[in-house]
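Here is the structure we will look at.
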There are 2 protein chains.
Amino acid sequence: MPLITFQPSYKTIEVPSGTELLTAARLAGVEVDAPCGGKGTCGKCVVRITAGQVDASSSLGVLTQAAVAGGEVLACRTHIGTAPLSVAIPAVDGREGLRITGGDETALVRGELLPRPAEYEPLAFRWRLHVPPAQLDDGLSDLDRLTRSIQREWGQNPVFLPLSVLRTLASALRARQGELTATMIRADQEIHVIHLEPGNHVARLYGIAVDIGTTTIAVQLVDLTTSTILQTRSDYNEQVACGLDVISRINYARRPERLAELNTRVLRTVNRLVLEVAAAGQVAPHEICNAVISGNTTMLHLLLGLPPEQIRLEPYVPTLFYTPYLTAAEIGIQIHPESWIYCSPCVGSYVGGDITAGLLCTDLVTETEEINLFIDIGTNGELVLGNRDFLMTCACSAGPAFEGGGIECGMRAASGAIERVTVDPVTGLPLYATVGHTKPTGICGSGIIALLADLLRTGWIDPSGKLDRARPSPAIQVQGRHAVYILAPLAESGRDRPILISELDIENIIRAKAAIYAACALLLQHAGITFQELAHVYIGGGFGRYLDLEKAIIIGLLPDLPREKFHYIGNSSLLGSYMVLISQEYRRRQIAITRRMTYLDLSAEPAYMEQYTAALFLPHTDLKLFPSAHTIKA
Amino acid sequence: MPLITFQPSYKTIEVPSGTELLTAARLAGVEVDAPCGGKGTCGKCVVRITAGQVDASSSLGVLTQAAVAGGEVLACRTHIGTAPLSVAIPAVDGREGLRITGGDETALVRGELLPRPAEYEPLAFRWRLHVPPAQLDDGLSDLDRLTRSIQREWGQNPVFLPLSVLRTLASALRARQGELTATMIRADQEIHVIHLEPGNHVARLYGIAVDIGTTTIAVQLVDLTTSTILQTRSDYNEQVACGLDVISRINYARRPERLAELNTRVLRTVNRLVLEVAAAGQVAPHEICNAVISGNTTMLHLLLGLPPEQIRLEPYVPTLFYTPYLTAAEIGIQIHPESWIYCSPCVGSYVGGDITAGLLCTDLVTETEEINLFIDIGTNGELVLGNRDFLMTCACSAGPAFEGGGIECGMRAASGAIERVTVDPVTGLPLYATVGHTKPTGICGSGIIALLADLLRTGWIDPSGKLDRARPSPAIQVQGRHAVYILAPLAESGRDRPILISELDIENIIRAKAAIYAACALLLQHAGITFQELAHVYIGGGFGRYLDLEKAIIIGLLPDLPREKFHYIGNSSLLGSYMVLISQEYRRRQIAITRRMTYLDLSAEPAYMEQYTAALFLPHTDLKLFPSAHTIKA
């Protein structure tokens, strides 16, 4: 019976010739995904033969010729021959981390936190009205009759029509004998009629949820008649060219023409993504009648063209936390021009609408006695700690490393990004998977965390982040005082350069994780709580599709707690925006929670720097804080 | 002693040689204005020597060489010689009619109807605020602090800042340690902050009152800090090129691009006049922070770009009567872009904001038991009848004749317009005065009424408006079946044609006056009231600067009532707009009166046509209605 070795675990098994490779892996205790049940149709059980021969002809059709030439086969369609075989198994979706399933981020959130169908009450809605015909003697204008018809259904709230809608009113009322469809926005006690069409058009109404991150912007198209998420797209914030973090953006915005430039850049990114989701969802931009946008306080200011300078100057007081009623045309977002652009409220200069949106995805909004922690890891790290009795929040500057920013070959989780990686303990060589299974063009947040953790676990870097120069590995190249780790040499790379990570990159990543860990520690210290007292830790952020929890603990980004306490909730800012978009109740909840939060300014805390310095090691200078650090190693 | 004959009255007197001409006139009982007291400085006592010689050298300096060459002299500076003299006296300001004094129309309105200084409370106001500096720990944004500072002074009303003002907030708060000037609008329960400036700038704040007539647009610049009227300018509404009355405008506006054209034309006229008053008042357009606009319902719709079609289609129901809160930028008026444009509310399709503004200049807004009538004579005639217990209103189509429209040589009361005229009973020749004392270029409303009345009084036309062909006069030319009356032959004319009035013109004028008289009669009939029961008749309108009451009664435009019952209130729409601009109380009063009015649709009244036909004579087919018709003749 030939010996089969599986990498990266080096688990081995002997199985009879002719056994399916998928079966052999399962017998060896190696997980290989095969959601199609071994029919050879889904292509998920792809593995790479690194030594030995198999008959892979039946893999064709699902895999490309190039993939097959590179040694890839489908484990379910490959039978073992007579000779020994080495098989590399890519890290598997949903096994090594908490997964964001394709497109439906709602799956990440505890079901009871999501709006129930009974709570679907979008801020924008379409209603079929029958407005009685004009009369000679009643002294009522068209506007009076429309207003009465709306108030008969929706109560005696003031009804507003912008000039553009007033211009269509006379014909809309008369085209179908008063039968018409009104698109309305309910904002607090007011009703805004943003569109009128004769006849019945209630079937089509769309909204967008938008997360404006310092590094990445995500836009989600939602069918407001069913509250279904139709499309999600994300891309780098074009402002990245003007500075990687909020402080450099604020500095850049000092001159008015540069503030205007940043405003143009963010709008360009948002509008491009809106066009993409609209095209993919077969929706006209004009049919998108509401947007809920969440972003940090600086991003909100830049979106609105407000000078952000005071955010970085003592006493750090911005122009606003709550945004007034503004339309798409006023802000410059290319959906229906009269759409309400609702911006999630901010708590402080460094705790913004992304957090008040994200909290909607956690138990922190519920009436629980248990103390929970929410960590949103983006270019800034923001934290919220509390329960029904108190809510405390703070922010720290992590930098864009976890979104691929400020890292030589860093990129966001787009096609070609190395998103999962393991390191061979013997050779030091990496085994990676890229988004879209293409040649690697960079490494994204999840890949960076996995790489650092595996380099540490396998001893190829030390706790200070230095690569091992003593043990030779083809993956490590020493250049003078600095060393780099080659993920993909030029021949394998999808770019005109090798994909690598430098010791400088590693320092950046260590600083980023230290900033976040230190902020957690200090916030808990302020509340007089230990990590062990936390019931749940919710983690949101833009790591790409995964956060490998185990690996995040290995590098000391997250505290070493029982794993079941952690909940990765993905892009919670985007998901919270979606919740607000489809539910007035969630909007009220968001405002209520914003009002309840107390803001802790870390910059005013000398203890923060101590905590930060102590955390500038992998996982930490105080290994007692990471009791599983050694056991993981095995 | 030489005989002096004064025209047009043919009064004569003999005085010693050397007597001042002014003294001679007074002795003869001929009124000549001399406000400077005979010092030769004001130039108001100008008369024309039509026969005989005087020494006029001392008139030079005030009169032009050309005027002197044409026979004009100053009566106060001219001494009578030894030979007989014929002297033509122009009709005199303020004697023959109810005058609008130069620029200050408020003089026309009974003093107790004008806002008292204690009631000066403009819709827009400037306030000096001291906003406390930002604090690290209070959780208040710049907007929160500004809002609190305003609410501390002005109560717990919601405070709104548009995006453009939010963009200036951070710097405005910090430039002078929180001392700043806020320009605010109070609209109902809301405060809108439309401008912020560091420091103290409360001294300069301006508003405009605007009357948008079908034919003429008037704009008035007002200093809102003192409620003083600074400048008034008027001009034809550029829409005139697209139709002379509201019905033809409505027809023109049927195609969307033509509605847009009418909208552009009215804005162009308004904006040109705004620039003129601003330049004359040495005010930057940006310092004008509020506008109150009054116009008929069609004009309002065209200003806002609302399709007016339904105004002329049964059941005559327009898009709106009350205009929502709209800014200058939204409408397209070139003053401070965030200015509130308050439009006077309308009562019906044919009783608009010009009437609800005009009523503020009458006793109809007071708690009187006496029954009063308000007649606004423009291209449309609108009437309001009532007292504290009832208010009834109707409208009729007079056509633009009284504003110089649809009349061959008609023009508005601009430089060169014949505004006063008398007809020599013997020769039939006219004696006229023009606006600006230039050569005549046309005839305006007041001139038209005076001319018709004098032609009738002197027998040169008959009650059906036909010129006397039997008696030869150099002023009457018969061309086939038609005859024309020459006001100024080519040689005297300021244009390349003689200034004349045709029998067709006279028919137009008779139709216009008949429409108004018939509407008055029908409205009173509906209320069960006779003309004699009226306590006061208020007359507003765009006749130029005068309405010669006696002459308006002679032609049957106004009912034959004791003269002291009539009050000419000039452009009451403009004046009412001014009152609203400077007083919240007047705005409330205007809304209250608008709600109280009942609208009578004349087009649904067969009796109207009977009344109209009966009024198609000068003064009327039923001479019993005009008892003074014969006595006037002498």
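Side notes on the structure shown:
- Taking the listed residues B:Thr214, B:Thr264, the one that is touching a strand residue (DSSP E or B) at 6+ places or on another chain (Cβ under 9 Å) and among the hydroxyl-bearing types (Ser, Thr, Tyr) is B:Thr214, with no other qualifying.
- Taken over region A:227-250, residues that are within 17 Å of A:Val580 (Cβ to Cβ) and touching a residue at least 60 places away in the same chain (Cβ under 8 Å) amount to 3.
- Test: B:Tyr586 is hydroxyl-bearing (Ser, Thr, Tyr) and part of a helix (DSSP H, G or I): yes
- The strands (runs of 3 or more DSSP E) found wholly in region B:186-302 and carrying at least 2 residues that are surrounded by 17 or more Cβ atoms within 10 Å (Cβ to Cβ), of a type outside the set (Asp, Glu) and under 16 Å from the mean Cα position of the chain (by Cα) occupy B:206-212, B:216-223, B:228-236, B:288-295.
- Checked against (1) away from chain B (no Cβ under 14 Å); (2) surrounded by 14 or more Cβ atoms within 10 Å (Cβ to Cβ); (3) touching a helix residue (DSSP H, G or I) at 6+ places or on another chain (Cβ under 9 Å); (4) modelled with pLDDT of 95 or more, A:His130 passes all but condition (2).
- Within region B:149-183, being touching a residue at least 40 places away in the same chain (Cβ under 8 Å), under 17 Å from B:Ser339 (Cβ atoms) and surrounded by fewer than 21 Cβ atoms within 10 Å (Cβ to Cβ) holds for B:Pro162, B:Ser164, B:Val165.
- Restricting region B:216-250 to residues that are among the acidic types (Asp, Glu) and in contact with a Leu (Cβ under 8 Å, 6 or more places away or on another chain) leaves a set whose member that is nearest to B:Glu119 (Cα to Cα) is B:Asp223.
- Number of the condition not met by B:Gln135 [criteria: (1) within 11 Å of chain A (Cβ to nearest Cβ); (2) surrounded by 18 or more Cβ atoms within 10 Å (Cβ to Cβ); (3) in contact with a Pro (Cβ under 7 Å, 6 or more places away or on another chain)]: (2)
- Looking across B:Ile418, B:Ile449, B:Ile407, one residue alone is buried (at least 22 other Cβ atoms within 10 Å of the Cβ), modelled with pLDDT of 90 or more and touching a Phe, Trp or Tyr at 6+ places or on another chain (Cβ under 6 Å). It is B:Ile418.
- Conditions (1) farther than 18 Å from B:Tyr538 by Cα; (2) in contact (Cβ under 8 Å) with a residue 24 or more places away in the chain; (3) within 12 Å of chain A (Cβ to nearest Cβ); (4) among the aliphatic types (A, V, I, L, M); number of the one not met by B:Leu306: (2)
- Qualifying residue in region A:89-103 (condition: buried (at least 18 other Cβ atoms within 10 Å of the Cβ), modelled with pLDDT of 65 or more and under 36 Å from the mean Cα position of the chain (by Cα)): yes
- Of all residues in region B:552-568, those being closer than 20 Å to B:Leu451 by Cβ and part of a helix (DSSP H, G or I) number 3.
- Selection status of B:Gln611, surrounded by fewer than 16 Cβ atoms within 10 Å (Cβ to Cβ), among the polar types (S, T, N, Q) and not in a loop (DSSP other than H, G, I, E, B): no
- Residues of region B:139-162 that are within 9 Å of chain A (Cβ to nearest Cβ), more than 38 Å from the chain's Cα centre (by Cα) and of a type outside the set (Ser, Thr, Tyr): B:Gly139, B:Leu140, B:Asp142, B:Leu143, B:Asp144, B:Arg145.
- Of the residues in region B:556-564, at least one is closer than 23 Å to B:Ser446 by Cα, without any contact (Cβ under 8 Å) to a residue 60 or more places away in the chain and out of contact with any Leu (no Cβ under 8 Å at 6 or more places or on another chain).
- All of (1) over 26 Å from A:Leu429 (Cα atoms); (2) at pLDDT 80 or above; (3) out of contact with any strand residue (DSSP E or B) (no Cβ under 8 Å at 6 or more places or on another chain) hold for A:Gly81 with one exception: (3).
- Among (1) assigned by TED's automatic domain parsing to the domain that holds B:Leu557; (2) without any contact (Cβ under 8 Å) to a residue 12 or more places away in the chain, the one test that B:Ala329 misses: (1)
- Unique residue being more than 17 Å from B:Thr82 (Cα to Cα) and modelled with pLDDT of 80 or more when the list is B:Val54, B:Val46, B:Val32: B:Val46
- Looking only at region A:309-321, and only at residues there that are surrounded by fewer than 24 Cβ atoms within 10 Å (Cβ to Cβ) and in contact (Cβ under 8 Å) with a residue 60 or more places away in the chain, the one that is nearest to the other protein chains (Cβ to nearest Cβ): A:Tyr316
The values are calculated or read from the model by the stated rules, or taken from the named source; none is laboratory data. Here the structure is a predicted model, which means the values were calculated and not measured. FYI the Cβ positions are ideal-geometry reconstructions off the backbone, even for glycines, and counts take in every protein chain you see.
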